[in-house]
Amino acid sequence: MGNFSRQMTLSSALLKRLQSRRGALNAVNSGGARSFTTTEGHRPTIIHKRSLDILHDPWFNKGTAFSMTERDRLDLRGLLPPNVMSPEQQIERFMADLKRLEQSARDGPSDPYSLAKWRILNRLHDRNETMYYKVLIDNIEEYAPIVYTPTVGLVCQKYSGLFRRPRGMYFSAADRGEMMSMVYNWPAEQVDMIVVTDGSRILGLGDLGVQGIGIAIGKLDLYVAAAGINPQRVLPVMIDVGTNNENLLKDPLYLGLQEHRLDGEEYLEVIDEFMEAVFTRWPHVIVQFEDFQSKWAFNLLQRYRKEYRMFNDDVQGTAGVALAGLLGAVRAQGRPMIDFPRMKIVVAGAGSAGIGVLNAARKTMSRMLGDTDIAFESARSQFWVVDANGLITEAREKIDPDARSFARRVKEIERQGLREGASLAEVVRQVKPDVLLGLSAVGGLFSKEVLEALKESTSTRPAIFAMSNPTKNAECTPEEAFSIVGDHIIFGSGSPFNNVDLGNGHIGHCNQANNMFLFPGIGLGTLLSGSKIISDGMLQAAAECLAEYMTEEEVHKGIIYPSISSIRDITKEVAAAVITEAIEEDLVEGYREMDARELQKLNQDEIRTYIQNNMWNPDYTKLVYKKD
């Protein structure tokens, strides 16, 4: 990881670095930096099909946008209406249709508006991938909550009923011994990104079994939209090892294995076989683990991260986004960044996401304090962790091994007027924290009593992060936080909420601490660097980049995360930070025409140009037929 001074100067150097970065982007956009490779997505595409086979293939179908020349070349004349339409006209027609269908596509009073939108978009995805991603990218702020959280949670719950067309691959406990051959059933010769889940902990909704594939599909939609990963080189994967959801086990329409989950060595054997199979066929693929239950999330991360290009977004992505928010809260309080190790943080939730955030924050504090063993131990004292059984202390008989290092010492908490198992409200009242961080998946956990207790915070601007997804699992709403604690707070959430009108022209900003600010850039930066692993330093660099993305003026207004509408620019910046860190750690091996030696010579402007030129854009490419 880069040296300690990077942490120390983060706040003071912010504006200069931000101006430099944006100036560099302007230079890139105006052609000020040299180009290194053909822009991703603009190469002619060789295909081995014609006629109706093309129209039925969403990867290649352009619908009415096929030119007359292409219609003749590909035997399409007469199979489409005669009027050739531009992509812009196609989008206009679809959007007009979408606005009409939004009002009438409900299946009944229980089918919400957002699910109707998902159905309409999914039908477009089935017909024409290029147009689907054009709509998504151009309307990312509106439709990201439809293809990802919070709507994707509802989609997963109903997936067996919504399933119409297979998307992705399914590996199951019944496929043991066959996975190495199965991976060759996928038609793409190259896969850059896999998102895999076992469906055991989908968002805060619990065990949804095989229906959890919806979360992998949604995540990869964002990799395409935000990071420009080519949609023909992504693969959603479900590993079905059974389910412990009794309702699914009894449901005659359930699409997965109707048997209880594998556990122990049997479970690990299935995951091991899957990892060996995909990396044998695609040695350079990146695998993101998604929504694995806590008991396996850390275990699998430690098992594979030094051997494969992989990461766990729930553990590492959530940690990075939360860390960026915590650093932003320091800035919003008008304090120097070096004050971060002095912040008192109460954390509600000790699952994989909560512990991941704690570990990342503790490491950052330790580095700021000198990166010694004493500094690491000292940072521990800034956290109070509360789970379903109350405050975690060393007096607890059974402590999860991952949470043990954050258990408070008994004598220490007695001096604070606390005890083992103290309630969240008691802890907040006694600690008077700077930050209240929710990763509990318990909707409404930040009750009026808890928020009233936070009014006694010693901070001039306490921060509340209700990070749990989907929306119904948020620990509180922004309206509750601002109305009870006060107008001066910083508020962040995992799911999107509207800003709050505080009256007199003042706005209470609701910052969405969305993992999509980081994971696309982490994936893209790793891909383009060629690094064989995703190091802690690369993840830290991504979090720091996000933390410094906002201007001082924005931060002082309480805006600590950017707008999702800027997601492609954010992703480029995060990817550049990841590549730069990989270069510093001597991990780069290059990508395509860019070998490691050339990559190491690039300056920051040239790195950004390199990234931009390798991001796929949803433009129709020329199709050239070649007989098999």
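The values are calculated or read from the model by the stated rules, or taken from the named source; none is laboratory data. On a predicted model such as this, the values are computed, not experimentally measured, just so you know. Here Cβ is always computed from backbone atoms with ideal geometry, including for glycine, and neighbour counts include all displayed protein chains. Note: accessible area is taken over every heavy atom of the protein model, side chains too, but ligands, DNA and RNA are not part of it. Shrake-Rupley method; radii C 1.70, N 1.55, O 1.52, S 1.80 Å.
Around PHE298, under 11 Å between beta carbons, what's the net of Lys plus Arg minus Asp minus Glu among the other residues?
Around PHE298, the charge tally is 0.
Over all distinct Cα pairs, what is the inverse of the mean 1/r for the range 475-539, reported as the Kirkwood hydrodynamic radius in Å? Each step should come with its number before you reach the end.
On the way: mean 1/r = 0.0701 Å⁻¹.
Averaging 1/r across every pair of different Cα atoms and inverting gives 14.3 Å.
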Under the helix-only model (-39500 (n - 2.57) for each DSSP H run of 4 or more, divided by the residues of the chain), the mean residue ellipticity at 222 nm, to 500 deg cm²/dmol, is -13000 deg cm²/dmol
Ignoring ligands and nucleic acids, SER483 exposes an accessible area, probe 1.4 Å, in Å² to the nearest 10, of 90
Excluding residues fewer than 8 positions from LYS250 in its own chain, the aspartates and glutamates with Cα under 12 Å of it are GLU259
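Count the DSSP beta bridges whose two residues both fall in the chain, then state the antiparallel fraction as a percent rounded to the nearest 5.
On the way: 7 of 46 bridges.
The antiparallel proportion sits near 15 percent.
Looking at the calculated P(r) for the range 209-337, what percent of the C-alpha pair distances fall above 24 Å?
Pairs farther apart than 24 Å: 42 percent.
Tell me the carbon and sulfur percent of the accessible area for the range 162-233, rounded to whole percent, probe radius 1.4 Å.
Answer for the range 162-233: carbon and sulfur cover 51 percent of the accessible area.
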For the range 148-177 the trypsin sites (Lys or Arg not before Pro) that pass both the DSSP coil test and the at-most-10 other-Cβ-within-10 Å test are ARG164
Listed by chain and number, the lysines with an alpha carbon less than 19 angstrom from that of LYS62, same-chain partners under 8 positions apart left out, are LYS49, LYS134, LYS622, LYS626
Taking protein heavy atoms only, a 1.4 Å probe, and rounding to whole percent, the accessible area of the range 438-566 owed to carbon and sulfur comes out at 48
Over all Cα pairs of the range 373-437, the Kirkwood radius sets Rh, and Rg/Rh then becomes 0.94
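Using the Kirkwood radius built from alpha carbon pairs, what does the Stokes-Einstein equation give as D for the range 243-288 at 10 °C and 1.306 mPa s, in µm² per second?
Numbers: Rh = 12.7 Å.
Rounded, D is 125 µm²/s.
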For the range 189-277 the mean separation of alpha carbon contacts under 8 Å (6+ apart) over residue count, i.e. relative contact order in percent, is 29
Taking the dipole of the chain about the Cα centre (Lys, Arg +1; Asp, Glu -1; charges at Cβ), the one of MET131, LEU439, TRP296 that reaches farthest to the positive side is MET131
Flagged as over-length at 30 Å C-alpha distance, from LYS306/LYS601; LYS219/LYS472; LYS117/LYS344; LYS99/LYS219, the pairs are LYS117/LYS344
With all protein chains in place and a 1.4 Å probe, ASP434 shows an accessible area in Å² (nearest 10) of 10
note: the range 275-320, Cα-Cα separations exceeding 17 Å make up a percent value of 30
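Taking a probe of 1.4 Å, how large is the accessible area per residue of the range 562-622, in Å²? Numbers along the way, then the final one.
Values: 2500 Å² over 61 residues.
Accessible area per residue, the range 562-622: 41 Å².
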Scoring the chain by relative contact order with C-alpha pairs under 8 Å, at least six apart, yields a percentage of 18
For the range 186-314, dividing by residue count, accessible area per residue (probe 1.4 Å) in Å² works out to 32
Taking every C-alpha to C-alpha distance in the chain and binning by 20 Å from 0, the per-bin percentages run 19, 53, 25, 2, 0
The aspartates and glutamates whose Cα lies under 16 Å from the Cα of LYS557, excluding any fewer than 8 residues away in the same chain, are ASP487, ASP501, GLU548
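Test of the criteria: in the range 126-205, which GluC sites (Glu not before Pro) are in a DSSP loop and have at most 14 other Cβ atoms within 10 angstrom of their Cβ? Can you show the working numbers first?
Working: sites: GLU129, GLU141, GLU142, GLU178, GLU189; in loops: GLU178, GLU189.
Here the sparse-neighbourhood loop sites are GLU178, GLU189.
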For the range 203-306 the trypsin sites (Lys or Arg not before Pro) that pass both the DSSP coil test and the at-most-16 other-Cβ-within-10 Å test are LYS306
Sorting ARG608, ARG429 on solvent-accessible surface, 1.4 Å probe, most exposed first, gives ARG429, ARG608
DSSP beta bridges in the range 345-478: the antiparallel percent, rounded to 5, is 15
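Over the range 479-542, what relative contact order in percent results from Cα pairs under 8 Å that are six or more residues apart?
On the way: 50 pairs, mean separation 15.3, N = 64.
In percent, rounded to a whole number, it is 24.
With the full set of protein chains in place, find how many percent of the accessible area of the range 327-428 is carbon and sulfur; take the probe as 1.4 Å.
Details: 2050 of 4160 Å².
In the range 327-428, the share of accessible area belonging to carbon and sulfur is 49 percent.
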